[in-house]
Amino acid sequence: MSDVKSFIRAALMKPGLKRLWEAVRAKYESLGRVGGNVVLIGATLDEQEAIGALLGINLFGETRIKVPLARLEAALLQSRFGLTLGDALAALFGEVATREDVRAERQRLESEFRAYLESTGGDLGRIGLVGAKRTVPPGEPGEERASRRTRRSERAG
């Protein structure tokens, strides 16, 4: 990790900011952009102090803290780091995959799989997808049906 990222991480990942950053990361991954709010319930004195210092407001005595992501990004841009929220999350957590990123990756993998199937002539048996027994872990839905099928096939064979 670069010195700059480790410096940013040390400054932003204080114990009083841990829950905030986890909630912000989840919101950012979900929306794929800066938007909405995160709410911390039962905020400790450390959290009140750290979040208040980051945002430049007094949160003393506030146990329910609502932080608009746009306001958090504005505070980060005005800070000595001059970071966007996305850059801050990348410095704290590494690459942050949004829902859109996950969807695009899934589509890419499906396209590669379809291309592979076409290259095999659609012969699912050749690549091991036909004839394989489907196993259901104990306790999972369908376990009873799977075990009945197995018993029937063993009697027939």
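The values are calculated or read from the model by the stated rules, or taken from the named source; none is laboratory data. On a predicted model such as this, the values are computed, not experimentally measured, just so you know. Glycine gets a Cβ as well: all are built from the backbone with ideal geometry, and neighbour counts include every protein chain shown. When the accessible area is computed, the model is the full protein with side chains, heavy atoms only, and any ligands, DNA or RNA have been set aside. Shrake-Rupley method; radii C 1.70, N 1.55, O 1.52, S 1.80 Å.
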SER111-SER30 FRET efficiency (beta carbon distance; Förster radius 30 Å; 0.05 resolution): 0.75
13 Å beta-carbon shell around ILE41, net charge (K/R +1, D/E -1): +1
Rg [Å, one decimal], Dmax [Å, integer] - the stretch 1-75, C-alpha atoms: 12.4, 37
Per-residue SASA entry for LEU77, accessible area with 1.4 Å probe, Å² rounded to 10: 90
12 Å cut-off, amide nitrogen to a point 7 angstrom out along ASN37 Cα→Cβ, residues in the stretch 52-71: 64-71
Sum of side-chain charges, GLU73 neighbourhood, beta-carbon under 13 Å (Lys, Arg +1; Asp, Glu -1): +2
By accessible area with a 1.4 Å probe, ligands and nucleic acids excluded, highest first: order of ASP46, ASP3: ASP3, ASP46
